[in-house]
Amino acid sequence: MRRSDQRRAAVVALYQSDVTDRPPEQLLERDATTFTRELVEGTVRDRAQLDELIARHARGWSLDRIAPLERNIMRVALHELLHRPDVPAEVAIDEAVEAAKELCSADAPGFVNGILGAVEREEVAS
C-alpha cells in the first residue's frame, strides 16, 4: 500500500474522531498499516503542539473555524514535519496539498500549503 493511501487513512480516522468524539484508534481499519497507526498515535500525542502551530500560522483564522478535514490533514503533515525524520519536509507538504485537493474545497490546497510552508520555514528549517 502506498504511503499516500496510508496518510489518507490516518487523516480520515482523525477526522472521524473529531466529528464523532470517538477515539481515532477505534476508527482505523483492522488491517491498517504500522505507518498509519504511527501517524494516528503521533498526531494524537502531539495534538496540542500541532494545533498551536496551526493557530499561530493561520492568521485571521481561529482553529475552530478551520474545517475538520483540513485541520487533520495539517496535523498529520505537521507531525511528519516535526517528528518523522524519515519523511522529507517537501514530501509531507506535497502529500498534504494533494490530500486537500482530493478531499476538500477548492481553496483548501492553497490554505494548507501556506500554513505548512510557514511552519516549515519558521520552525523546521531554522
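No lab work stands behind these numbers, since they all come straight from the coordinates. Since we're looking at a predicted model, the values are computed, not measured. Positions of Cβ are generated from backbone atoms using ideal geometry, with glycine treated the same way; all protein chains shown enter the neighbour counts.
The residue that is farthest from Glu80 (Cα to Cα), among those in the range 1-51 that are more than 11 Å from the chain's Cα centre (by Cα), β-branched (Val, Ile, Thr) and in a helix (DSSP H, G or I), is Thr20.
Applying the criterion of being in contact (Cβ under 8 Å) with a residue 40 or more places away in the chain and more than 11 Å from the chain's Cα centre (by Cα) to the residues of the range 67-101, the residue that is surrounded by the most Cβ atoms within 10 Å (Cβ to Cβ) is Leu82.
For Arg59, all conditions in the list (1) part of a loop (DSSP other than H, G, I, E, B); (2) in contact with an Asp or Glu (Cβ under 7 Å, 6 or more places away or on another chain) hold save one; what is the number of the exception? Exception for Arg59: condition (2).
Would you check if Glu41 is closer than 22 Å to Thr20 by Cα, in contact (Cβ under 8 Å) with a residue 12 or more places away in the chain, acidic (Asp, Glu) and surrounded by 12 or more Cβ atoms within 10 Å (Cβ to Cβ)? Against the criterion (closer than 22 Å to Thr20 by Cα, in contact (Cβ under 8 Å) with a residue 12 or more places away in the chain, acidic (Asp, Glu) and surrounded by 12 or more Cβ atoms within 10 Å (Cβ to Cβ)), Glu41 qualifies.
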